[in-house]
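Okay, so here's the structure we're looking at.
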Amino acid sequence: MPRTEPIKAVRGVRDILPSEVPRWRAAQTAASEVAERFGYQEIITPILEPAELIERAGEDTDAFAKELYRFADRGDRQLALRPEATAGVLRAYFERNLNQGPQPSRLYLLGPMFRYDRPQKGRYRQFYQLDVEAIGSASPALDVEVIEIATAWLTEVGLGDPRLELNTIGDATCRPAYLEKLRAYYRPLASRLSPDSQRRLEANPLRLLDSKAEEEAPFKAAAPRITDNLCAECAAHWQMVRRLLDAAEIEYELNPYLVRGLDYYTRTVFELFPRGQSGQQDALGGGGRYDGLAQAEGWSATPAVGFASGLDRVTELMAQAGVPVRSSPAADVLVLPDGDLALAAAEVARICRAVRSTAVDYEPKSLRAKMRSANKVGAKWVVLLSAEDAKRRTAQLKDMASGEQEELDWTELPTRLA
Ligand code: HAM
């Protein structure tokens with residue numbers, strides 16, 4: 001066989017190791033508990049979706065265009081690895097008739113998403129989201145409900161008091177006229193804009209508002225604001241969202257430049273940051289209302305609102321903040337056969353497993369070396385098994401905390417370990 005280099009992971013993905021999993025579990029369990037406390041039900045949708053489903057959700061957006069993992073399968077179908085969950089959840093809502101049930105459908109999803117982004121700390125090509133969607137209602141109370149879920153979840157995992165940034169971006173009634181105003185304002189400045197902004201000026205001028213180019217900051221400050229250009233319905237919605245947030249005692253900052261990276265939003269948009277940090281890269285989550293997406297996807301017009309939050313970032317911050325999570329040892333009981341006693345050791349392990357997690361050290365090592373491993377993995381008990389024990393169906397049970405050891409019949413193990 002020719003020598004080959006060991007094969008390493010794909011760029012931008014990572015392994016979540018057993019030592020990190022308790023934190024991930026804690027974050028996911030809290031997510032389910034909080035979502036269910038608000039009456040949301042879990043949905044699991046495919047990671048693979050038709051590329052067109054994703055692309056129709058937005059064309060000039062980074063996540064959908066240059067960041068999309070898009071490929072043709074063996075049958076030459078154009079597929080995508082989902083970059084986010086909203087389009088897929090909305091598809092399932094219509095395709096699987098959730099729209100026929102009581103409205104709104106309150107749904108949440110936990111799972112991996114894929115974006116061909118430049119990998120860096122907190123930004124991965126495969127990452128995990130908690131996604132929450134309320135589909136089938138235009139009530140501003142639901143905008144606030146999903147924000148409340150997001151903040152409740154972050155509080156539950158020990159990252160309480162996130163900073164909430166809030167804005168509205170109008171809807172199909174008022175936004176076109178506003179965008180025209182924005183274009184008219186920026187056109188005379190075009191030569192002084194960054195190449196990215198020049199490109200966006202005609203196609204998606206809203207994105208000029210979240211441009212990070214420093215030379216554009218003064219232009220942004222004087223640009224017309226959507227909040228001064230809302231139609232009556234959007235203005236009423238906006239006012240109600242803020243009243244409801246006040247009533248829920250959720251603090252927020254108005255950010256007129258917050259437009260979000262995805263095209264499909266209407267009215268409310270928001271992002272959550274760890275307190276004391278800012279910038280797109282650190283966002284713990286974001287979302288908003290997307291009343292026009294259903295129609296863009298070919299379904300009947302249906303209002304909806306939701307958010308998603310990155311588990312990678314949340315668990316990283318939990319680790320940094322030293323949030324305590326309960327981690328259990330690999331096994332409570334370790335069976336240590338002294339020599340080649342696999343049959344007897346496996347049987348003893350089966351007996352112990354009725355009451356405790358149990359593993360066997362089958363390796364051809366000395367008993368002393370096996371004891372050292374048992375100490376390392378943090379087993380609570382070891383069951384020592386000699387050839388003589390195996391013959392008599394007895395074992396030596398050692399309590400690792402007290403150091404006490406006693407001889408028992410195998411049949412006595414479950415009651416002693418329970
Ligand atoms: P998004 O802002 O693109 O929104 O992503 C939501 C969150 O996912 C971000 O705030 C961040 O925490 C995390 N995230 C995004 N990209 C990465 C990455 N490359 N690596 C690690 N974490 C990342 C959405 O996805 C919308 N679907 C949210 C939504 C739901 N809007 C309405 N409903």
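Values as computed for the structure displayed
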item	result
Max mean-square fluctuation residue, GNM over the chain, Cα-Cα springs under 10 Å, options 96, 275, 74	74
Share of carbon and sulfur in the accessible heavy-atom surface of segment 99-242 [1.4 Å probe, %]	52 percent
Extreme residue, positive dipole direction of segment 11-107, given options 57, 68, 43 (C-beta unit charges)	43
Student exercise, segment 337-418 dipole from Lys, Arg, Asp, Glu Cβ charges, in Debye to nearest 20	320 debye
The chain - Cys residues lacking any other Cys C-beta under 4.7 Å	234, 352
Dipole magnitude (debye, nearest 20) for the chain, charges at Cβ of Lys, Arg, Asp, Glu	920 debye
Subset of 376/398; 66/212; 8/376; 121/212 violating a 21 Å alpha-carbon distance limit	8/376
Percent RCO, i.e. relative contact order, over the chain, from Cα pairs under 8 Å lying at least 6 residues apart	15 percent
Segment 168-239: trypsin sites (Lys or Arg not before Pro) in DSSP loop, at most 13 other beta carbons within 10 Å	212
Value of [θ]222 nm, deg cm²/dmol, for the chain, DSSP H segments ≥ 4, -39500 (n - 2.57) each, nearest 500	-10000 deg cm²/dmol
Residue 163 long-range amide H proximity, modeled H, under 5 Å	273, 275
Gained length - residue 4 relative to residue 214, 0.36 nm times residue gap less alpha-carbon distance	70.8 nm
The chain: most fluctuating residue of 329, 274, 119 per GNM, C-alpha cutoff 10 Å	329
Reachable aspartates and glutamates, given that their alpha-carbon falls under 13 Å from the alpha-carbon of residue 365 and they are not under 8 places away in the same chain	338, 340
Label-point separation in nm, residue 392 to residue 350, each point 7 Å along Cα→Cβ	2.4 nm
Mean-position separation - Cα centroids, segment 224-255 and segment 366-408, in angstrom	66 Å
Surface per residue (accessible, 1.4 Å probe) for the chain, Å²	50 Å²
Three-way shape call for segment 287-418 based on the alpha-carbon gyration tensor, with the a/c threshold at 1.5	prolate
For residue 77, net neighbour charge (Lys/Arg +1, Asp/Glu -1) across residues whose Cβ lies under 12 Å away	-2
Within straight-line cross-link reach of residue 181, lysines at Cα separation under 20 Å, skipping those fewer than 8 residues along the same chain	220
Loop trypsin sites (Lys or Arg not before Pro), segment 1-48 (other Cβ atoms within 10 Å of the site Cβ: 14 or fewer; DSSP)	3, 8, 11, 14
Positive-pole candidate from 321, 237, 222, dipole of the chain, charges at beta carbon	321
Cα-projected label distance for residue 36 with residue 177, points at 7 Å along beta-carbon direction, nm	4.8 nm
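The values are calculated or read from the model by the stated rules, or taken from the named source; none is laboratory data. Model, not experiment: these values are computed from the prediction. Ideal geometry is used to build each Cβ from the backbone, glycine not excepted, and the neighbour counts take in all protein chains shown. In case anyone asks, the SASA skips ligands and DNA or RNA and just uses the protein heavy atoms, side chains included. Shrake-Rupley method; radii C 1.70, N 1.55, O 1.52, S 1.80 Å.
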